[in-house]
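Values in this text are rule-based calculations from the coordinates and carry no lab data. Computed from a predicted model, the values in this text were never measured in an experiment. In this analysis, Cβ positions are derived from the backbone assuming ideal geometry, glycine residues included, and neighbour counts consider all displayed protein chains.
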């Protein structure tokens, strides 16, 4: 696991967004369709990336609670 995974997924999401832009069905709702798909991809990516990075580099270190206080440090 590395931080390069986040960049790789960003490239995939960017390509999917570009594809959604050009493959959007023509019509009155083309702008709505494009915006919905691209925003959905962007928000899903952000949620995944934040969760992934939080697990990759946690802010708080886990502590064992089943140890006696003198051995907890």
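Points to keep in mind about this one:
- Cα gyration tensor shape for region 4-59, rounded if a/c is under 1.5, else prolate or oblate: oblate
- The chain: angle of helix 30-56 to the longest principal axis, Cα-based, in degrees nearest 10: 10 degrees
- Approximating the spin labels as points 7 Å out from Cα along Cα→Cβ, the residue 47-to-residue 59 distance works out to 2.0 nm.
- In nm, spacing of pseudo-spin labels at residue 23 and residue 9 (7 Å Cα→C-beta vector): 2.1 nm
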